[in-house]
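One structure is given below, encoded as structure tokens.
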2 protein chains.
Amino acid sequence: MQRVGATTIKQIAEELGVHPSTVSRALNPSTRRLIGKDTIERIEQAAKKLGYYPNAAAASLRTGRSKLIGVFLPDISNPVFSPILSGIAEVTSEAGFATIVADVGTESRSQTEMMFELVARRVEGLILATVSRNDKLVQQCMSEGLPVVLVNRAESQMRVSSVTSDDAYGMRLAIDHLHQLGHRRIGHLAGPQNLSTGYLRGKGFNEAIIALGLDPSETPVVECSAYTRQAGAIAMNTLLAQKPHVTAVVASNDLVALGAYDALQKAGLKVPDDISVVGHNDMPLVDMVHPPLSTIRISHRELGREAARLLMSEINHDGSARRSIVLAPELVVRSSTRKL
Amino acid sequence: MQRVGATTIKQIAEELGVHPSTVSRALNPSTRRLIGKDTIERIEQAAKKLGYYPNAAAASLRTGRSKLIGVFLPDISNPVFSPILSGIAEVTSEAGFATIVADVGTESRSQTEMMFELVARRVEGLILATVSRNDKLVQQCMSEGLPVVLVNRAESQMRVSSVTSDDAYGMRLAIDHLHQLGHRRIGHLAGPQNLSTGYLRGKGFNEAIIALGLDPSETPVVECSAYTRQAGAIAMNTLLAQKPHVTAVVASNDLVALGAYDALQKAGLKVPDDISVVGHNDMPLVDMVHPPLSTIRISHRELGREAARLLMSEINHDGSARRSIVLAPELVVRSSTRKL
DNA sequence: CCTTCTAAAGCATTCGATTGCAAAGGGGAA
DNA sequence: TTCCCCTTTGCAATCGAATGCTTTAGAAGG
């Protein structure tokens, strides 16, 4: 049942002939001041000698605090989301919290079921990287009274805190870059419109087009069904069929951009000689593809860190107001874009 | 403190005028047979109505089982390790276990400290993807009586179960391939020798060289300090300085191979015209680099799944013997290798 | 009609740490 | 010397679920 050697506070107390509560206080930083110095010394030594580690379940039961948080990811193995997780783990573990991951993508159960399972484990908060623009999960968490922070993706109503990249600004960077290179007929491979990233980048695209006074009829938008290479290739083909004369495309995501590469190659078009391509995210290795992809860099690890910090502060000072943090992305010019 | 609305068994019992123990048994599949059918029905309805979710901490305290496992990764955001985590999460969550991740790479504390923190949380087992060939952490886990499974990397003494790819066989595949293409002077960019992957792939390299009767003085080996592009580039330069006449190199890892790409490009050598390159792992996107990388494919997700299955069975039937599972990798030929 | 079973439910304890309250002991002030 | 206070420690209840043991109420059998 219990592993051998699981020392309890009681055993330490017996060893030293003191009361368990004294041991508890001596070992707890916030109550240590109540105990005599030499007693603390003796207790700490005994604890070390007996290999004592507090039973988190017992403490959690009594205090109602589990020091656990949950993280929902659409796909752990996606190079966009794994650095987010890494950033989250970095911050939370420093704060003494352990992180439970839920890979929603490969999960047979629904997100709601997963959420309730984590509620059963009394997680103190949730970080969601999975939400769509109008996600019922947010409402469910709120009615459970569970602190929630959204990361990477936000929802349309700003009901909870979020940390995202400035999607519209990223698009603006991409399009300004292409515009400076002389491109006027620019297409957009939009992401799924039910995700904030897809929606806001699309919106950013339109705004930038208008701001630069470009002809909307020459700046077609095609929506991808997902952030994948396959979907990107399909969308690129559609766009090519609609407007064969575009000289550049801006993808909503690097994988989509690489899908566009695939489609363009099949169509016999060269990047960047015949058409320029800009991605979004700056995933690992996109500097190694051929040609190296110009893209919008987002620090996903930093996104994760900020989200974790936000959640930690919401958990600790419960009053803290809802906040939305928007990080600025940057343009990385490589070789997939060229002067017209 | 405790979130509002955290219903307890007692509340359900009061609502229905039955004893808490009856509620507990009714809600627990393994004790349900002790309770009358209609009582079960009433209890289940009340539980749903009140939004009851069992307090995992309380159950864990009483039963000594936390339904938690821990996973140690050297780097979550590394595309080699994130699919492993994904595979683990898939299997464990199906078994009702939650997975706590520890990203050892970005962690300021030592692995030993992390381990004890997880012990405090009463995790029922650990999956380690971090161990070196001679890692004291394994010993420490063993003396804590904690079930452990190693994944991707094994240790030299087979003291605990492990799931790995057949590293030597993978090397054999790579070298047979190059040999068939006519290559005779083949170099090896070895991984860190304190990691089983680096060591075994190096060993596999040597064995294959001997088996094919190649001249060892024409098949140089250079060890990389890490599995990174930088280290790969440095090692490639060293190898080039030692034996400029090699016609092919086998890298211990895809990133190392890409580092070799960098170094070769700087040296004015073309892949595969001047020199063939083979990687190892088949990371995402290495089919998109220029030229597309021939490599040894490992299903990291499957590695994770198997490791999780192994751990689950060790946790459940405590008697189960130590086992080591070795998965066969496969050769993926792309365009970085060419007939001599 | 009485005994014997058995199914169903209740009772009380337990897991290990935390914490409000009580008590003891020592020191200082009046 | 007495009284009070403060520091240090002990006591006991508590968190919520699980579980061995007991009790109760019918049913079955003689």
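The values are calculated or read from the model by the stated rules, or taken from the named source; none is laboratory data. Keep in mind that what you see is a predicted model, and the values were worked out from it rather than measured. Glycine also receives a Cβ, built like all others from the backbone with ideal geometry; neighbour counts cover every protein chain displayed. The area values use the complete protein model at the heavy-atom level, side chains included, leaving out ligands, DNA and RNA. Shrake-Rupley method; radii C 1.70, N 1.55, O 1.52, S 1.80 Å.
Using all alpha carbons of region A:75-117, what is the percent of pairwise distances in each 10 Å bin, ordered from the shortest bin to the longest?
With a bin width of 10 Å, the distribution comes to 26, 44, 30, 1.
How big is D for region B:1-109, in µm² s⁻¹ as a whole number, if Stokes-Einstein is applied with the Kirkwood radius of its Cα pairs at 37 °C and 0.692 mPa s?
197
Nearest 100 Å², what total accessible surface is buried between chain B and chain A (probe 1.4 Å)?
Values: alone 16800 and 16790 Å², together 28480 Å².
The buried area between B and A, both sides summed, comes to about 5100 Å².
Could you tell me what percent of the DSSP beta bridges with both partners in chain B are antiparallel, to the nearest 5? The partial results should precede the final answer.
Working: 3 of 35 bridges.
Taking every DSSP beta bridge with both residues in chain B, the antiparallel ones total about 10 percent.
First check a/c for region B:259-309, with a ≥ b ≥ c the square roots of the eigenvalues of its C-alpha gyration tensor; if it is under 1.5, answer rounded, and if not, answer prolate when a/b is larger than b/c or oblate otherwise.
On the way: a/c = 3.50, a/b = 3.38, b/c = 1.04.
Since a/c reaches 1.5 and a/b is larger than b/c, the shape of region B:259-309 is classed as prolate.
Over the Cα atoms of chain B, compute the convex hull volume and normalise it per residue, giving Å³. Don't jump to the answer; show the numbers that get you there.
Details: hull volume 56.4 nm³, N = 340.
Roughly 166 Å³ of hull volume per residue.
If you average the sequence gap of Cα pairs under 8 Å that are 6 or more apart and divide by the length of chain A, what percent do you get for the contact order?
Details: 656 pairs, mean separation 57.6, N = 340.
Relative contact order of chain A: 17 percent.
What number in nm² do you get for region B:213-275 if you take the convex hull of its Cα atoms and divide its surface by four? Present the calculation step by step, with values, prior to reporting the outcome.
Details: hull surface 16.4 nm².
The orientation-averaged projected area of the Cα hull of region B:213-275 comes to 4.1 nm².
Is it possible to state the helix-based mean residue ellipticity at 222 nm for the protein assembly as shown, with each DSSP H run of 4+ residues giving -39500 (n - 2.57), the sum divided by total residues, to the nearest 500 deg cm²/dmol? What is it?
Details: 24 runs with 287 residues, N = 680.
Estimated from H runs of four or more residues: -13000 deg cm²/dmol.
Placing unit charges on C-beta atoms (Lys and Arg positive, Asp and Glu negative, everything else neutral), compute the dipole magnitude of chain A about its Cα centre in debye, rounded to 20.
Details: 37 positive and 34 negative charges, 135 e Å.
Value, rounded to 20: 640 debye.
Give the residue list of trypsin sites (Lys or Arg not before Pro) in region A:125-181 that are DSSP loop and have at most 10 other beta-carbon atoms within 10 angstrom. Numbers along the way, then the final one.
Values: sites: A:ARG133, A:LYS136, A:ARG153, A:ARG159, A:ARG172; in loops: A:ARG133, A:ARG153, A:ARG159.
The qualifying sites: there are none.
Could you pull the Cα extents of the protein assembly as shown along its three principal axes, largest to smallest, in whole Å?
77, 67, 55
What does the structure give for B:179-186 when I average, per residue, the other chain Cβ atoms found within 10 Å of the residue Cβ?
Whole-number average of other-chain Cβ neighbours for B:179-186 is 0.
Rounded, prolate or oblate: which fits region B:167-298 when a ≥ b ≥ c are the square roots of the eigenvalues of the alpha-carbon gyration tensor, with rounded for a/c under 1.5 and prolate only if a/b beats b/c? Write down the numbers at each step before the final one.
Values: a/c = 1.24, a/b = 1.10, b/c = 1.13.
It comes out rounded by the Cα gyration axes.
Too long at a 28 Å Cα-Cα cut-off: which of A:LYS243/B:LYS270; A:LYS203/A:LYS266; A:LYS37/B:LYS67; B:LYS10/B:LYS67; A:LYS37/B:LYS136?
On the way: A:LYS243/B:LYS270 37 Å; A:LYS203/A:LYS266 30 Å; A:LYS37/B:LYS67 38 Å; B:LYS10/B:LYS67 23 Å; A:LYS37/B:LYS136 34 Å.
Too far apart for the 28 Å limit: A:LYS243/B:LYS270; A:LYS203/A:LYS266; A:LYS37/B:LYS67; A:LYS37/B:LYS136.
Within 10 Å of each Cβ of A:102-109, how many other protein chain Cβ atoms are there on average?
Taking all residues of A:102-109 together, the mean is 4.
Report, in cubic angstrom per residue, the convex hull volume of the C-alpha atoms of region A:9-54. If you can, show how the numbers build up before the last one.
Numbers: hull volume 2.8 nm³, N = 46.
Cα-based convex hull of region A:9-54, divided per residue, equals 61 Å³.
How many angstrom separate the Cα center of region B:229-295 from the Cα center of region A:247-287?
Here the two parts' Cα centres lie 24 Å apart.
Could you tell me the relative contact order of region A:9-54? Use alpha-carbon pairs under 8 Å, at least six residues apart, and round to a whole percent. Intermediate values should be presented prior to the final figure.
Values: 39 pairs, mean separation 17.2, N = 46.
Reported relative contact order: 37 percent.
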